[in-house]
Structures are given as structure tokens and as C-alpha cells.
Amino acid sequence: MKQHPNCTDCEQGPDVMNMPVPTELKREWAAIETRRQFLGRSGKVLGWAGLASLLGETAFIGDARGADAKGQPAKQARDGFASPHFAPKAKRAIYLFMSGGPPQIDLLDYKPNLAALYDKDIPASVRGAQQLTGMTSGQARFPIAPSHWAFKQYGNTGTWVSDLLPYTGKMVDDLTIIKSTNTDAINHEPAIMLMNTGNMNAGKPCLGSWLSFGLGSMNDNLPTFMVLQTKVNPKENNQPVSSRLWGSGYLPSQYAGVGLRSSGEPVLYLTDPNGVDREVRRKMLDAVEQINQQTLAELGDPETNARIAQYEMAYRMQMSVPELVDLSKEPQSTWDLYGEDAKEPGSFAYNCLLARRMAERGVRFTQIYKRGWDVHDNVTVTLPTLCAETDRACYALVTDLKRRGLLDDTLVIWAGEFGRTVYSQGGLTPQNYGRDHHPRCFTTWMTGGGARPGVTYGETDEYSYNVVKDPVPVRDFNATVLRCLGFDHNKFTYKFQGLEQKLTGPAPASVVEGLLA
């Protein structure tokens with residue numbers, strides 16, 4: 001007879017129904033054991049067996065498939081991860097996502113001749129048959145709004161950069177600037193989904209999940225893929241972002257991004273409740289794992305393995321996350337580089353500093369979201385604020401990685417979901433204007449492992465409206481990112497629902513060789 005009903009040290013094992021778990025979970029376990037549940041499952045066995053005999057067992061199994069240069073399956077690395085197809089130039093990536101659509105014409109796509117065309121209508125031949133958003137489709141005119149800011153040339157490359165980005169100007173010789181990025185989507189949600197997951201529809205794995213699954217972990221005490229959201233500025237037009245942007249889709253859920261909160265506890269429910277110490281928590285997790293293993297044996301659901309892995313990761317994160325976010329030992333040189341904003345949790349500068357610390361600790365993929373770039377109006381007021389929040393921090397991150405010898409094998413990406421129009425949305429004055437969504441061209445940049453430094457790739461027309469040289473569709477952009485990390489986008493697939501799924505989707509995609517070192 002056990003002395004304590006829930007004790008794991010007594011001679012008998014724990015009674016499942018007496019475990020301190022939610023009532024709903026107990027009901028779920030009880031339902032599994034009912035005769036009705038048993039008969040319901042048994043009635044499907046012959047049907048599944050017949051279907052399996054017709055389709056083959058692989059039709060029901062999702063698995064990651066790599067292939068070598070000859071098209072043969074790549075050997076499997078530890079923990080079942082597919083080995084890269086090439087020697088990767090980058091071991092990790094940091095993705096700085098500017099949600100809302102930064103206006104390329106005001107930042108990095110210099111068009112000096114537009115000043116003479118102020119308030120003149122953009123020619124219909126330039127606009128062509130492009131779809132317009134509902135916000136400007138009813139405008140009687142489409143007046144040209146030249147950039148309000150001057151540009152200067154920087155670096156040995158003589159790259160033109162807006163006065164809004166003086167820190168970015170300092171590092172242009174390290175950047176691969178892509179002026180010809182373009183997308184198929186004109187509205188935020190599908191465009192953000194396409195940029196992050198390779199598909200406009202929800203339910204697909206994002207780039208970080210693919211890399212997490214394909215490359216595995218370099219640190220057993222932190223997640224492979226982490227997400228940081230910058231605090232919103234109420235004066236900016238903040239488009240919502242949701243967890244499906246860093247979800248794992250049909251990949252196992254353990255490869256989804258783990259978010260750190262910008263205030264309060266970095267991760268909810270990570271700390272032990274009052275009265276529960278590490279030893280008690282360890283015993284509880286061991287008991288829960290036994291139950292989960294029983295569930296796995298009964299139902300065969302691979303998500304049960306993901307649940308076990310997530311519990312264990314959360315236990316280790318109880319020690320690793322507080323150390324990660326403790327900036328007290330950072331030297332004064334860090335604050336001189338990043339600025340005082342980096343001391344404010346949730347600021348973009350703070351998140352960039354955390355991204356460097358994550359890179360040091362072996363996190364494979366870190367993504368930082370900065371909202372507010374949806375500048376439909378009041379550009380001359382909002383855009384300087386956005387640039388002040390991000391310009392120095394981007395420079396600090398790249399410089400910090402470079403000083404520490406991490407930039408050579410870390411790919412840093414800066415991108416939004418689309419660009420902005422050269423014509424003004426709403427009223428146009430010499431002092432202010434607005435810009436609508438523009439999918440035909442937008443500017444992105446990358447630097448570090450695998451990227452060719454000091455290059456400006458692609459060209460747009462004199463209106464920054466159409467790509468006229470070296471277009472880079474989103475699918476090609478993502479294929480190139482995968483290449484930097486060692487993967488052939490056509491061979492790095494995951495079989496799901498009978499299809500070989502991949503990040504770039506079924507449409508043709510190509511690696512942009514001109515972007516590679």
C-alpha cells in the first residue's frame with residue numbers, strides 16, 4: 001500500500017487519475033479507455049490497412065528528405081535531421097522583419113530625377129494594369145511624391161543611402177542590397193505569410209521552422225528558433241502579427257518559434273509555482289513523461305513526442321532564459337554601440353542585443369518583428385521615428401557580430417513584406433504625403449554568412465515602380481537564404497499528405513547566384 005497517493009518513491013507506480021493534472025485531461029484519458037472509444041478505433045483498422053496496402057506506408061508518414069548532389073537521399077544527422085546538401089556558409093540566421101512595408105524610395109532606392117516631377121501624375125504606361133488597393137483605387141489622381149529626404153553616397157561602393165539611415169550608410173560595404181525584390185501579394189496578411197512561409201495561406205511551416213528542423217540544435221538549453229516582438233509605438237500604424245508567422249505548420253510542433261515577451265516574465269509559466277522546487281518539478285515531469293509514453297504507445301501520435309521534448313526544453317529554460325536576458329555583465333562598450341535604448345526591454349535595440357546573445361549561445365534562427373512601417377499617411381513624421389528606432393540597432397548588431405567573429409557564419413536579413421508607391425496616397429504637400437502598398441518592387445538586404453558584401457543587386461525604373469533588371473521574387477529570395485545555410489530548396493522537402501512539400505512551394509524558384517559570396 002502506498003503511503004502517499006502521488007508519491008513516485010513508493011513501491012507502486014503513480015495512479016494516473018490521481019495525478020495533479022487538469023480535469024479535462026483526465027476526462028480525455030478516461031475517454032480513451034471507454035469501450036465506445038475502443039470499438040470506434042477498432043472499426044477503422046481494416047479500412048486503414050486496406051488504404052495503406054494501396055498507397056504504401058510512406059503515404060501516411062511525414063518525413064524530412066534531403067538529397068545529395070546526385071539526387072540520392074542525404075544521410076541523416078543526429079536526431080533525424082537531414083544533413084545540408086552543401087557546406088553551409090552560415091550556421092545560423094537572424095531575420096529583422098520590418099512589418100508593414102518600408103518605403104524603398106525614401107530609404108535605399110535613390111531616384112533624384114523625381115524632384116522635377118513633383119505633383120505630376122505617374123504615367124499610365126508605368127502603372128500598367130497593376131491591381132490597386134481599395135485605399136487608392138478611388139483616387140482621381142496619382143501624383144508623384146519625391147522623397148522628402150536627401151541621399152548621400154557611402155563606403156567604397158559609393159552606395160546611395162537616405163539621410164534617415166546614417167548608421168546603415170556606415171556598413172554598406174558589408175551589405176548585399178537587393179532593390180528588385182518583388183511579391184505576388186498586395187495586402188499585408190498574404191504578403192507577410194508569403195515572405196515568412198513561402199505561401200499566402202496559413203498552415204505552412206515558416207523559414208525558421210524549416211531551418212530548425214533541417215539543421216537541429218546547437219544548444220540543448222535554448223530553443224532552436226526564437227522570436228522577439230518589438231514593443232509597439234502607438235503613434236505608428238501597427239499591423240498585427242500572429243504566431244502563425246512563426247508556426248511549424250505540418251512539421252512537428254517542437255520546431256515552431258518560441259517567443260520571448262517584451263515585458264514581465266520572458267516566457268509565461270516557465271517559473272515554478274510557489275512551494276514547488278526543482279526536485280519536485282523534476283519528479284513531476286518524469287511522471288508526466290511516463291504517461292505521455294503510454295499515450296504514444298496507445299495512439300502513436302508523433303505530437304506526443306513533441307510534447308515530451310517541449311516539457312524537457314521548458315525545464316532547461318528555467319535556468320538558461322534568465323541567464324540569456326541578464327544584461328548586467330555587458331561591458332560599457334556594448335551600450336556605447338547599441339545606445340541607451342538597448343536597456344529598455346522590448347525596444348528594437350534591446351531585441352538586437354538579445355539576438356547577438358542568442359547567436360553566441362547557439363540559437364539557429366532568431367526573428368525580430370518591428371511593426372509600424374505601414375505609412376499610408378504622415379510619412380514625414382512617422383518615418384523618421386521608425387528609422388531612429390531601428391537604424392542604429394541594425395548597425396550595432398552587424399558590427400557586434402563582426403567584432404566577435406560571428407558574422408562570417410551568421411546570415412543577417414532585413415526585409416518587409418512589400419514596398420510603397422511613388423505616388424501619394426491621399427493629399428500631397430511639399431511637407432507631407434502618404435504611400436500605399438506596392439508589390440512590384442521593394443528593397444531588402446542581407447549580410448554575413450554566404451552573402452556577397454558590397455553589392456547592390458537589381459534595378460528599378462526611374463519611378464521605383466517596376467523592376468527593370470535582375471528581379472528577385474520572394475520564392476527566389478527564400479531559395480537563396482536556404483542556399484546560404486546549406487540546403488537545395490528543390491531537394492529539401494517534407495512529405496505530407498502525399499506531396500513533397502517545400503518552403504518555396506510548387507512554383508519554380510531559383511537561387512540568385514549574384515547574391516552569394
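The values are calculated or read from the model by the stated rules, or taken from the named source; none is laboratory data. Just so you know, these numbers come straight off a predicted model, no measurement behind them. Here the Cβ positions follow ideal geometry from the backbone for every residue, glycine too, while neighbour counts run over all protein chains shown. Accessible surface areas use protein heavy atoms only, side chains included; no ligands, DNA or RNA. Shrake-Rupley method; radii C 1.70, N 1.55, O 1.52, S 1.80 Å.
Annotations for the structure displayed:
- Gap separating the Cα centres of region 468-517 and region 303-320, nearest whole Å: 31 Å
- In region 178-271, Rg over Rh equals 1.00, where Rg is the alpha-carbon radius of gyration and Rh the Kirkwood radius from pairwise Cα distances.
- Apportionment of accessible area to carbon and sulfur, region 133-276, percent (1.4 Å): 48 percent
- Burial ranking of peptide ranges 209-222, 503-516 (average Cβ count within 10 Å, highest at the top): 209-222, 503-516
- Value of Rg/Rh across region 227-276 [Cα atoms, Kirkwood radius]: 1.08
- Subset of Lys89/Lys402; Lys179/Lys402; Lys231/Lys469; Lys231/Lys495; Lys91/Lys502; Lys91/Lys204 violating a 26 Å alpha-carbon distance limit: Lys231/Lys469; Lys231/Lys495
- Percent accessible area from carbon and sulfur atoms, region 395-437, protein chains only, probe 1.4 Å: 48 percent
- Label point of Glu513 set 7 angstrom out along Cα-Cβ; within region 402-421, no amide nitrogen lies under 13 Å from it.
- Global geometry of region 404-454, whether rounded, prolate or oblate, following the gyration tensor of its Cα atoms and the 1.5 cut on a/c: prolate
- Candidate aspartates and glutamates - alpha carbon under 17 Å from Lys235, same-chain residues fewer than 8 apart omitted: Asp374, Asp377, Glu389
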